[in-house]
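Okay, so here's the structure we're looking at.
The values are calculated or read from the model by the stated rules, or taken from the named source; none is laboratory data. Here the structure is a predicted model, which means the values were calculated and not measured. We place every Cβ from the backbone using ideal geometry, glycine too, and count neighbours over all the protein chains shown.
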Amino acid sequence: MSPPNKRLHRTAASGQARVQSHVQRAAAAGGSAGEAVDPIIFDPVRMSDDPKGLRRLKFMPSRIPALDALEVFVPDGAAPDAELEELQSRTGQSRWHPVQGGHRVLILYERGAYNAERFSLVKGAWDHQHCSRCRARIESMTLCWVTESGEYVLLDEKCHTELFGAEPARSIENDLLSVGPS
């Protein structure tokens, strides 16, 4: 099975538009892009609090390790260029951290060519995820729940328990099986 983040590609276009729109709105207002959101998190689209819809999905327990990221500085007022947008489109995820004069941008990296003169590969920089339901931060290697197939949804322990009860993860010969409604 491929890593769970491979299913995130579908959110790339809408996420790119959100980041570009945010940067442009902040610049038009005379401020920096970092003033509105600190940091801008460009992750999978947050699920609405629709318990019925979420309960129809099959989840499996997971522990997601820290992942590599590409890092670049984007000055205040600069919109994402074609090179940056292309890298973001590969996974649909980036995080924009306000720093003096602009943003330190991390882009989830899953292999592929990039401009090493402009972007730096930072091992383990993608050190957390966010719950698709409540947006809570989930540190690397913390037990969480991901969809088995289809749309990628990640739940923290609290949201999974609220939706499905406190049923523990089962394992057979160290293989994790789905827990949740059939």
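Only residues that are over 16 Å from the mean Cα position of the chain (by Cα) and either part of a strand (DSSP E or B) or not charged (D, E, K, R) (or both): list them for the range 144-161, please.
149, 150, 159, 160, 161
Residue 135 - would you say it is of a type in the set (Lys, Arg), modelled with pLDDT under 95, closer than 30 Å to residue 76 by Cβ and not in a strand (DSSP E or B)?
yes
Just give me the residues in the range 51-64 being part of a loop (DSSP other than H, G, I, E, B) and out of contact with any strand residue (DSSP E or B) (no Cβ under 8 Å at 6 or more places or on another chain), in sequence order. Working first, answer last.
Going residue by residue through the range 51-64, those that are part of a loop (DSSP other than H, G, I, E, B) are 56-58, 64.
Matches in the range 51-64: 56 only.
For the range 73-103, enumerate the residues that are surrounded by fewer than 18 Cβ atoms within 10 Å (Cβ to Cβ) and under 30 Å from residue 151 (Cα atoms).
Across the range 73-103, the qualifying residues are 79, 81, 82, 83, 85, 86, 89, 97.
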